[in-house]
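The values are calculated or read from the model by the stated rules, or taken from the named source; none is laboratory data. Here the structure is a predicted model, which is why all the values come from computation and not from measurement. Here the Cβ positions follow ideal geometry from the backbone for every residue, glycine too, while neighbour counts run over all protein chains shown.
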Amino acid sequence: MDSSSSRNSCFSVGSTSPGAVVLLYSKERKKWDEFEDILEERRHVSDLKFAMKCYTPLLYKGIIPCKPNDIKCSVLNSEEVYYVIKQLSKESLQSVDVLREEACQILDEMSHKLRLGAIRFFAFALSKIFKQIYSKVCVNEEGIQKLQRAIQEHPVILLPSHRSYIDFLMLSFLLYNYDLPVPVIAAGMDFLGMKMIGELLRMSGAFFMRRTFGGNRLYWAVFSEYVKTMLRNGYAPVEFFLEGTRSRSAKTLTPKFGLLNIVMEPYFKREVFDTYLVPISISYDKILEETLYVYELLGVPKPKESTTGLLKARRILSENFGSIHVYFGDPVSLRSLAAGRMSRSPYNLVPRYIPQKQSEDMHAFVTEVAYRMQLLQIQNLVLSPWVLVVAVLLQHQPSMDFDALVEKTLWLKGLTQIFGGFLTWSEDIYSCFRFLHDVLSDEFIFLPGNTLKDFEEGCYLLCKSETIQVTTRDILVTEKGNTVLEFLIGLFKPFVECYQIICKYLLKEEDDYFTEKQYLARVRTFTSQLLDQGASQCYDVLSSDVQKNALAALVRLGVVEKKKVNNEYIFNVNEPATTKLEEMLGCKTPVGKPATAKL
């Protein structure tokens, strides 16, 4: 794309390796960052020498020198934890000492024991493994330089995309490689049950959190104070995954807000001047867990993490997983994001240690920031040739001529390079777009309140790629546009089909109320019957991710009612609304016009 094609917003296209297409969205055109293959040097230098190098990371200027045990003591003696213990003591009639001992046990369970020896061990082991299974590990050096400056100025939060367990190992490896502080990483309790591995991860900076807190106020107080203490002290960059879990489909999952809420609090309570949020995009040619993901996407429960399972996976060391591209985005200032939007004064009205109920404005702000960070992750992902090849193959099953595959892939590569501005469209088209946007908003990452802009960008792409031609009266599909639309419909169709099948199941649901666990099992059974009968070829709906996303969307749309009974959520089907939605997804019922759609 030349500069003349840039208007308001643009997509820059850069190349990092033969055949790789990198799409980088930006409000203003900017220079494409050069990638460096860090494994190139590793292949010519002793791994032991690398692991034992002089490691003198740049530190936050306001750092308070402390050890992991000092942080634990600080948390136990904090006013916030003491306040919650006193409140719980009054309510439960348990002694303060008993509750304090429980808080101490919680800390022992969750806290890290960061040690340089463990970091050096991982540096040595990972260097050998990465050289064995990856052709390249490419990093944008400009992003590293910006991160170096950010770490010295303010507390830093690292927000990587999450596709594989390799993600957090890779980031720690990279930061050690560039003489940056190794992060402390929020990890699930699953790893803690792995013999030896759990403790090794703890000593390399992992701290462990439960998947759900179950209304345990003491656990929440201890955990949040632990994270905030590390942040305030500038102990190390804090790393966590907004998605909460790995995406099995390589599609970004909707964000979780708990940890983001916690790390924002010190700024709003004026305990730090600013906090930097750093979105990081990690792109794989081939995911390490791809075989496991195939089974999980077909509805097979995820196996429990274990050391035995890890040892059985040694065969992967003989495979080649291609290249990894890690893109460190620009550090985003929380202070700048909040300027003119969020006031810190409400936090000054009560003592800092007293927990406050989150306001609606604050919830909306945290939600917007989470989605913005995820969009930045998406915008900096690298599309490898394999992504394009697979997208083409999936639409030409069971087989395809090789020359046709090459031609179609090159065509798709060209299509990905055509991006640009905005356009105005009729209400009928926008109504359909908004309907699907609302239904599938748990499947894709959309910035809240940005529906119209998303629509305009999509419309412009169709014009820019010469898929359609707009006249004063009509919208016409061009000759080449039929190919483009056929391909795009093929990509999009499985999502609509999944939701149609789930609606059909709900209309056959016999129980008045059901739990999520019952819903997941019954959808799987219903879908398996359709597949066995040949009534459907949509295997995607077997994925528990799709099933959960659909349930969340149906609750949001009022198609399914959700309520809490005996500390458990139960669901009830609104049959008329479900019937109408199923018909709209099947294009049997026209989508109603939104009253306020003005384009």
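Annotations
- Of the candidates GLY449, GLY414, the single residue that is loosely packed, with under 13 Cβ neighbours inside 10 Å, in the same structural domain as VAL555 (by TED's automatic domain parsing) and either touching a helix residue (DSSP H, G or I) at 6+ places or on another chain (Cβ under 8 Å) or modelled with pLDDT under 85 (or both) is GLY449.
- Here VAL350 meets each of (1) within 28 Å of VAL137 (Cα to Cα); (2) at pLDDT below 90; (3) among the hydrophobic types (A, V, I, L, M, F, W, C) with one exception, condition (1).
- Here VAL222, VAL238, VAL263, VAL227 are screened, and the one residue that is farther than 29 Å from LEU381 by Cβ and assigned by TED's automatic domain parsing to the domain that holds SER92 is VAL222.
- Hey, GLU486 at pLDDT below 90 and buried (at least 17 other Cβ atoms within 10 Å of the Cβ) or not: no
- Here PHE365 passes the criteria (1) loosely packed, with under 14 Cβ neighbours inside 10 Å; (2) in a helix (DSSP H, G or I) except the one numbered (1).
- Of the residues PHE433, PHE446, the single one that is among the aromatic types (Phe, Trp, Tyr) and without any contact (Cβ under 8 Å) to a residue 60 or more places away in the chain is PHE433.
- The condition of being of a type in the set (A, V, I, L, M), in contact (Cβ under 8 Å) with a residue 12 or more places away in the chain and over 30 Å from ALA51 (Cα atoms) holds for only one of LEU253, LEU231, LEU175, LEU180, that being LEU253.
- Failed condition for LEU277, given (1) surrounded by 19 or more Cβ atoms within 10 Å (Cβ to Cβ); (2) assigned to a loop (DSSP other than H, G, I, E, B): (2)
- Qualifying residue in region 205-219 (condition: of a type in the set (Phe, Trp, Tyr) and without any contact (Cβ under 8 Å) to a residue 60 or more places away in the chain): yes
- The residue that is farthest from SER92 (Cα to Cα), counting only those in region 199-218 that are of a type outside the set (A, V, I, L, M, F, W, C) and surrounded by 19 or more Cβ atoms within 10 Å (Cβ to Cβ), is SER204.
- Region 66-87 - residue that is closer than 21 Å to ARG202 by Cβ and not aliphatic (A, V, I, L, M) and, of those, surrounded by the fewest Cβ atoms within 10 Å (Cβ to Cβ): ASN69
- Selected residue (only one of ILE71, ILE38 is in contact with a Ser or Thr (Cβ under 9 Å, 6 or more places away or on another chain), modelled with pLDDT of 90 or more and among the hydrophobic types (A, V, I, L, M, F, W, C)): ILE71
- GLN374 being part of a loop (DSSP other than H, G, I, E, B) and either at pLDDT 85 or above or not assigned by TED's automatic domain parsing to the domain that holds GLY143 (or both): no
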